[in-house]
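Only the coordinates and a few stated rules stand behind these numbers; no lab work does. Because the structure is a prediction, the values reported are computed rather than measured. Reconstructed Cβ throughout: ideal geometry from the backbone, glycine too, with neighbour counts over all protein chains shown.
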Amino acid sequence: MAARLMGSWPRPAHGIYRDMLPREVISTGSLLLRPPADGDVQDIVRAFDDPETGRFLPLTPLPYRAEDAVEYLKAAQVKWEGGGAEFAITEGGRYVGSIGVRAPDQWGVTEIGYLVAPWARGRGVAATATRALTDWLFDRGVRRVELQAEVENVASLRVAVKSGFREEGRRREVKLLRDGRYADLITFGRLAHDPGDAEEPYLPFFADGQLTDGVVRLTPMTVDDAVPFNAMMAEEAVAAYSVGPAGTLDDHVRRCRNTGYWWLSGQRIELAIRDAATDAFAGHVQLMQVAPVLGQAMIGYSLVSAYRGRGFMTRAVNLLVDWTFANTALHRVVAGTDESNTASHAVLERAGFTRECRHRQLLPRPDGTRADDIEWLRLRPA
Ligand SMILES: CC(C)(COP(=O)(O)OP(=O)(O)OC[C@H]1O[C@@H](n2cnc3c(N)ncnc32)[C@H](O)[C@@H]1OP(=O)(O)O)[C@@H](O)C(=O)NCCC(=O)NCCS
């Protein structure tokens, strides 16, 4: 049985992979990928000597000087000689980035890495080059291409998805950063026989980076929000209705480092509610338990005590739910509330939710008792 199954698995084009990658030029759209050359040194220095490059490629020297670029060119040469590939991404003859792969292993598996110069970012250079290089590798008998991006590197995570890679897992605390912290990597893979389509995110990012009605502002929660978020969660009035163990500041910092990845991968949206007049952190609202197959998600929220009684949460819930129906395929947004949480019931009623059902003894309370959960619903407008 096992032998029959093995026979049906895709195999490297040449059995065990032994090929060297040819030093070729790859042309794709307005980009040309070619081995890097001495004439690129100045642009390489400018591209690498950049805070974002330094942040996400912690093994590169920072500051980055001409002698570092010369070392990089030598390493690129060694990489080619060892069976890998290193390309300069060029546009109109000018260097705009670097992309490469290590030598494919005996099973025809390799890993891609890239950077785009600051002056060429945000217009599809990385995704176009990654897709072209991956297709070129498949044409040369490579079977599987891997890609890893730090959980906070939303641009790179997005590049992976746009280039037809599929998310495969998370490697926890695998990468040492310059500040001594270890970061998680999200791993992606693309197989030669995968369709390689660029999946549209189920939860798109906000077009303007925020939602606002002039009184409150909803912004993606970041690490800068962890301290006020932590203080809010410790407030008695908030803790009384929290489900699960109280988190520590470290837990909340970790949570904030994941928010971009969760959003991009369609798992949930985590937002800070800000007082639009002062920009101060006033609370938190989230869209979670996203179930595309049902077209349903759940909304959850907490408000700092000092901001209560001003209608902030009703505004925040309305902004998020209106955006959800206008920008996603979700059909139902539900909310679960402790039966005794009358302030929360009032928010949901004002925000157009209707009481749908009671889940008996669903919610564990901090004191060890259990509360009934009242579930509320807002349906996509007809
Ligand atoms: C990651 C990097 C290569 C992306 O290059 P790029 O050419 O700008 O990438 P693309 O334009 O193809 O795609 C970037 C996508 O991320 C999105 N993006 C970028 N920053 C974002 C952010 N902070 N939040 C949400 N989306 C973001 C862009 O909008 C774009 O998506 P879209 O096409 O859907 O709008 C570039 O930022 C870089 O060199 N960073 C430093 C080095 C690095 O991180 N290398 C990768 C290590 S794994």
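List of remarks:
- Whole-angstrom gap from the stretch 328-364 to the stretch 161-210, using each part's C-alpha centre: 33 Å
- Counted charge near residue 305, where neighbours are those whose Cβ lies closer than 13 Å (Asp, Glu -1; Lys, Arg +1): 0
- Additional length obtainable on full extension of the chain from residue 121 to residue 223, 0.36 nm per residue less Cα span: 34.4 nm
- Pairwise label distance in nanometres, residue 172 with residue 370, each label 7 Å out on the Cα-Cβ vector: 2.8 nm
- Distance between the pseudo-spin-label points of residue 62 and residue 34 (7 Å out from Cα toward the beta carbon): 3.2 nm.
- Extent along principal axes [Cα atoms of the stretch 211-379; Å; largest to smallest]: 39, 38, 32
- Taking 0.36 nm per residue of sequence separation and removing the Cα-Cα distance, the residue 308/residue 327 pair yields an extension gain of 4.0 nm.
- Top of 362, 218, 319 by mean-square fluctuation, Gaussian network on the chain, Cα under 10 Å: 362
- The per residue volume of the convex hull around the alpha-carbon atoms of the stretch 235-302 is 120 Å³.
- Among 326, 226, 69: highest mean-square fluctuation, GNM of the chain, C-alpha pairs under 10 Å: 326
- When the inverse distances between all different Cα atoms of the stretch 2-191 are averaged and flipped, the Kirkwood radius reads 17.3 angstrom.
- Shown for the chain are the DSSP H helices of 20 Å or more along their axis, judged by Cα atoms, with a mean Kyte-Doolittle hydropathy of at least 0.0: 125-139, 312-327.
- Taking a Cβ cut-off of under 15 Å around residue 28, the surrounding Lys, Arg, Asp and Glu residues balance to a net charge of 0, with basic ones at +1 and acidic ones at -1.
- Average projection, convex hull of the Cα set of the chain: 24.0 square nanometres.
- Distance from the stretch 264-319 to the stretch 212-239 (C-alpha centre basis), Å: 9 Å
- Here the simple spin-label model places points 7 Å from the Cα toward Cβ, and for residue 215 and residue 280 these points are separated by 1.7 nm.
- Among 189, 93, 260, residue whose mean-square fluctuation peaks in a GNM of the chain (springs only between Cα atoms under 10 Å): 93
- Cα gyration tensor category, rounded, prolate or oblate, for the stretch 181-235 with a/c compared to 1.5: oblate
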